[in-house]
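Throughout, read-outs are computed from the coordinates displayed, never taken from laboratory work. This is a predicted model, so every value here is computed, not measured. Cβ placement follows ideal geometry from the backbone for every residue including glycine, while neighbour counts extend to all protein chains displayed.
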Amino acid sequence: MTTGAGAAEIGVFGGSGFYSLFDDVREVKVDTPYGPPSDSFFLATVSGRSVAFLPRHGRRHTIPPHLINYRANVWAMRSLGVKAVISPCAAGSLQLSVKPGDFVVCDQFVDRTSGRADTFYDGPVVTHLSSAETYDRVLRELAIATIRDHDITVHETGTVVVISGPRFSTKAESKWFADAGWEVINMSQYPEAWLCRELGMAVVNISLITDYDAGVHEGTEAVDATAVLEVFQANAERIQKVVLDLVGRFPVDLDALGAGDALGPTRGDGHAISPEDIRLFETGL
């Protein structure tokens, strides 16, 4: 089954734990110019808002982070009518003060991936979009307040360094990232969050800290998949409750967040508004 624009206003990149909480869920398939998304989308009503859930790794977690079709996932989300996205993820800590079980609402990312298709703007209109503030400030403030209300330790800012995976970092790499002062490490935030911005969707990240990465700090051990899974499963209910509560706090007018406005002055030839300047996200969606 396929559906189109207007099916949802808020998107969540998350696993089956979210949409399995609802009795009335509609499963839809979405075709994209970039190939198939990770899975079907699951549509539900949360606090009176229409929400589209997509498990970024597939419903059975069969797609590794370096093989996720990020462009298809994000394009499909926008084609459903989504204007704001919640992008929760499991992540490692690079600093002792950021402990397993803590949540971090990241405000910056550093891209250390390679080989990923990470833009929709491949021409012929040359486009340059600022990534100085990829994560939406208003949604970040709402996320911070929501996490606090759930009595969870939250770090109000944080830089997430994104690596290709699927391997974890070496100790040398982890020390490099930690010495740079970055707080969080993950394998999927880039280009997922960035692509949302390219299509004019506001985006907010919540990183659930599961481990201390390569264990370069005294008293910590190097991460392994078993430890990550144990911590994430123990905290799965917390992140679900936070995300669903956050949906109900989103502004009624999502256009007022201004994510689409940021795409205006982005043409490389300086003519941001012209009859020929037909924006990608306004065509074919």
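Side notes on the structure shown:
- Here the peptides 6-12, 229-235, 161-167 are ranked by packing, the mean other Cβ count within 10 Å, and the order with the highest first is 6-12, 161-167, 229-235.
- Gyration tensor verdict on the stretch 43-130 (Cα atoms; rounded if a/c is under 1.5, prolate if a/b is larger than b/c, oblate otherwise): oblate
- Between Arg197, Arg78, Arg116, the Gaussian network model of the chain with springs among Cα atoms under 10 angstrom shows the greatest mean-square fluctuation at Arg116.
- Length available on full extension from Thr220 to Gln233: 0.36 nm per residue minus the Cα-Cα distance, which gives 2.6 nm.
- Computed packing ranks the peptides 172-178, 148-154 as 172-178, 148-154, most packed first, by mean other Cβ atoms within 10 Å.
- Backbone geometry of the stretch 150-156 corresponds, through the Karplus equation with coefficients 6.51, -1.76 and 1.60 at θ = phi - 60°, to 3J(HN,Hα) couplings of 9, 6, 10, 5, 10, 9, 6 Hz, x marking Gly and Pro.
- Per-residue Karplus couplings for the stretch 159-166, computed as 6.51 cos²θ - 1.76 cosθ + 1.60 with θ equal to phi - 60°, are listed in order as 9, 9, 8, 10, 10, 5, x, x Hz, Gly and Pro entered as x.
- Candidate lysines - alpha carbon under 23 Å from Lys99, same-chain residues fewer than 8 apart omitted: Lys171, Lys175, Lys241
- Our estimate of slack between Asp151 and Lys241, defined as 0.36 nm per intervening residue step minus the Cα-Cα distance, is 31.2 nm.
- Within the listed set Pro191, Pro37, Pro251, the Gaussian network model of the chain (springs between alpha-carbon atoms below 10 Å) gives the highest mean-square fluctuation for Pro251.
- Residue with peak Gaussian network fluctuation, the chain [Cα springs, cutoff 10 Å], from Glu27, Glu198, Glu183: Glu27
- Per-residue ellipticity at 222 nm computed for the chain from its helices equals -7500 deg cm²/dmol, with DSSP H segments shorter than 4 residues left out and the rest contributing -39,500 (n - 2.57).
- In a fully extended conformation the segment linking Asp122 and Arg167 would gain 13.3 nm over its present Cα-Cα distance, using 0.36 nm per residue.
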